[in-house]
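Below: the structure, in structure tokens.
The values are calculated or read from the model by the stated rules, or taken from the named source; none is laboratory data. Quantities reported herein were computed from a predicted structural model and do not represent experimental measurements. Note that we place each Cβ from the backbone using ideal geometry, even for glycine, and neighbour counts take in every protein chain shown. Heads up: the accessible areas ignore ligands, DNA and RNA and are worked out on the full protein's heavy atoms, side chains in. Shrake-Rupley method; radii C 1.70, N 1.55, O 1.52, S 1.80 Å.
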Amino acid sequence: TEEIGQKVLREQHIIDEMDAALAEQQFIVYFQPKYQLKKMAPYGAEALVRWRRPDGIVVKPEHFLPFYEKNGKITELDYYVFEQVAVFLEKTKRSGIVPGPVSVNVSALHAEDPQTTQRYLEILQKHGVDPSMIQMELKETDTIRYENIRNLLHSFQQAGFQTALDNFGVGSSFLNLVGEVPLNDVKLGRGFIEKCEKDHRGTAFLKQLIEMLKSL
């Protein structure tokens, strides 16, 4: 009971600080490199957000993102992270470096706003960054829950963005989505891979799945 009470207090503390965290830009973006396994060479990165509070404590996303999703402020946080990525790409471009595309997480709540793609494009235009340098990434479970997510992904691709599906294999009907959702990349869920690796049958299924995704 005491542990539950402490958890509730921590959650309430996060909720109380949410507006200030956004207003004061307490969020920092890290770039996790992606590698091509055959060449073992970097070909892009994924933008990861962390919350660094004024007291110096760094809060992991799983401890604050659900609250931002719940109250709808996740869309503003997404735009903030996206602009930090645009600033980074603008700097690398000026220095003569041409990095691979950077993946940016997009909440499914953006699918409710018809101006989403245009707003993202305006941020890129502000910093002189081409949409092809950004990969808009949504979770597979978001695609299942929201019918108009497909329209959002189509809109992203028409604007020149790349699109990706994260955590593939987690949803209950993930195979039905593969041919319908416009994607450049599919990221297999870690838990899904671990489950497949337990025996020969699972490994064979994983190999066939990867070949099928490549063919699409």
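Things to note:
- Test result for V49, β-branched (V, I, T) and over 14 Å from M18 (Cβ atoms): no
- If you go through the stretch 66-82 and keep only what is of a type outside the set (A, V, I, L, M), out of contact with any Lys or Arg (no Cβ under 8 Å at 6 or more places or on another chain) and at pLDDT 90 or above, you end up with T75, E76, D78, Y80, F82.
A quick yes/no check of all residues on (1) open to solvent by less than 50 Å² (accessible area, probe 1.4 Å); (2) among the polar types (S, T, N, Q); (3) touching a residue at least 24 places away in the same chain (Cβ under 8 Å); (4) assigned to a helix (DSSP H, G or I):
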| position | (1), (2), (3), (4) |
| --- | --- |
| Q32 | no, yes, no, no |
| Y35 | no, no, no, no |
| A45 | yes, no, yes, no |
| L48 | yes, no, no, no |
| P54 | no, no, yes, no |
| L77 | yes, no, yes, yes |
| Y80 | yes, no, yes, yes |
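- Test: residue in the stretch 141-161 that is closer than 26 Å to F192 by Cβ, within 15 Å of the chain's Cα centre (by Cα) and of a type in the set (D, E): yes
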